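Encoded as structure tokens, the structure appears first; notes follow it.
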Amino acid sequence: MSEIFPLEIRAMAIVSFFIIAQASGSFAPWIFGKLIQTSPTSIFCGDLTAAGLMMVGAIVAMCFGVNAERRSLEEVAPPLSIRGG
């Protein structure tokens, strides 16, 4: 979760994404089993698809990411309680 979100919102987002990731990850063995049943080429295509999705994520992070190195979280995004709302 990005550092630019206030602490309270970041905590809820992390929990929500964790739950979604755990639920969607439960389908991975089934998908991998289907890929193995078809052909080695389908496994290769599945790996290429996953690598492509990871590269898209890296490009999005490079374009929209915030430089938060060596800065406190409060400096990057003050908590909602400090802002008064």
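The values are calculated or read from the model by the stated rules, or taken from the named source; none is laboratory data. Because the structure is predicted, anything quoted here is derived from the model rather than measured. Neighbour counts run over all protein chains shown; Cβ positions are idealised from the backbone, glycine included.
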Whichever residue in the stretch 33-85 is more than 19 Å from Ile9 (Cβ to Cβ) and of a type in the set (S, T, N, Q) and, among such residues, is modelled with the lowest pLDDT: Asn67
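Does Ile9 satisfy being surrounded by 11 or more Cβ atoms within 10 Å (Cβ to Cβ), in a helix (DSSP H, G or I), in contact (Cβ under 8 Å) with a residue 24 or more places away in the chain and of a type in the set (Val, Ile, Thr)?
Working: surrounded by 11 or more Cβ atoms within 10 Å (Cβ to Cβ): yes; in a helix (DSSP H, G or I): yes; in contact (Cβ under 8 Å) with a residue 24 or more places away in the chain: yes; of a type in the set (Val, Ile, Thr): yes.
Yes.
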